[in-house]
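One structure is given below, encoded as structure tokens.
The values are calculated or read from the model by the stated rules, or taken from the named source; none is laboratory data. Here the structure is a predicted model, which is why all the values come from computation and not from measurement. No Cβ is skipped: glycine too gets one built from the backbone with ideal geometry, and neighbour counts run over all protein chains shown.
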Amino acid sequence: MIDEVQRLLDEYWRWLRDRTALRAVDGSVELTTPFLDRHNDYIQLYVTRSPGGFELTDDGQTIRDLRASGTELNTPKRELLLNQTLAGFGIKREADALVATATPETFSVRKHNLLQSVLAVNDLFYLSEPMVASLFLEDVTHWLDSIKVRYVPRTKVTGASGYDHLFDFVIPRSEAAPERYLRVINRPNKESAEATAFTWLDSREARRPESRAYAVINDREREVSPQVIGALRQYSIASILWSQRSAFVDELAA
């Protein structure tokens, strides 16, 4: 199993390196990643020199795009969710920009954390229909509360690589069940499935062997592709479709 996981991680690093492009832009370096935003555009980060190292930022693109799409962050609940998400990755918000500082030694980890925060904020606040009254994460939270699940929200876990990963909910081990790690996927697609798979691959080696992973998937507006479910299953991640969540009540509440 260790050799298999190592091979998968090596393939992931190779894909990440080969699909990343650099370009000099006005005194900074534009870093185009292979990860896609909700418009299927590649996510771009910008790196500049700073005293003692580097400053990395999304240049405000993430929040500006959400605002342009009609998603405001001007309610206490949304501000709290945003701040919790950024704090989980150690990312600062300066006006609209998401910002990380790094030394040469911490550059790769801080770049990873900034990219993960961009993906998380995009997914956290994306509303597939303008009239949706609440965020999917809020709905999942209310559901877990209603079925009396004991959980720790927004938990950061350090993986075997040394990179930090954020799980939306961690359900502690009990006499009846092992630890359970939940990621909420609001926009199920190839990229979100791959990101969730890597998070669990990198994290599970440092967890108890019997620990389980779940993806809570929003299927309210569109059918989820079998490829997404299959990709998660390949890495031992159980898919909880929102329309079928009642089937998992006993498993999560145990």
Q. Which members of the range 144-170 meet the condition of being part of a strand (DSSP E or B) and of a type in the set (Lys, Arg)?
A. Arg154, Lys156
Q. Quick one: which of Thr103, Thr85, Thr57 is closer than 22 Å to Glu191 by Cα and at pLDDT 90 or above?
A. Thr57
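Here's the yes/no breakdown for (1) at negative phi; (2) among the charged types (D, E, K, R):
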site	(1), (2)
Asn40	no, no
Thr48	yes, no
Glu55	yes, yes
Gly60	no, no
Glu72	yes, yes
Lys77	yes, yes
Leu80	yes, no
Gln84	yes, no
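Can you pull out the residues in the range 86-109 that are on the phi > 0 side of the Ramachandran plot and hydrophobic (A, V, I, L, M, F, W, C)? Step through it out loud before you land on a result.
Of the residues in the range 86-109, the ones on the phi > 0 side of the Ramachandran plot are 90, 95.
Residue satisfying the conditions is Ala95 alone.
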Q.
Exactly one condition in (1) over 30 Å from Ala247 (Cα atoms); (2) touching a strand residue (DSSP E or B) at 6+ places or on another chain (Cβ under 8 Å); (3) among the hydroxyl-bearing types (Ser, Thr, Tyr); (4) assigned to a helix (DSSP H, G or I) is false for Thr141; which is it?
A. (1)
Q. Quick one: how many residues across the range 202-215 are closer than 21 Å to Leu36 by Cβ and either modelled with pLDDT of 90 or more or hydroxyl-bearing (Ser, Thr, Tyr) (or both)?
A. 1
Q.
Can you tell me which of (1) more than 30 Å from Pro76 (Cα to Cα); (2) out of contact with any Leu (no Cβ under 6 Å at 6 or more places or on another chain) is the one Val152 doesn't meet?
A. (1)
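Are any residues in the range 161-184 under 21 Å from Asp10 (Cα atoms) and surrounded by 16 or more Cβ atoms within 10 Å (Cβ to Cβ), and if so, which ones?
Passing the criteria: Ser161, Tyr163, Asp164, His165.
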Q: Provide a single number: the residues in the range 231-254 that are within 14 Å of Ser192 (Cβ to Cβ) and of a type outside the set (A, V, I, L, M).
A: 2
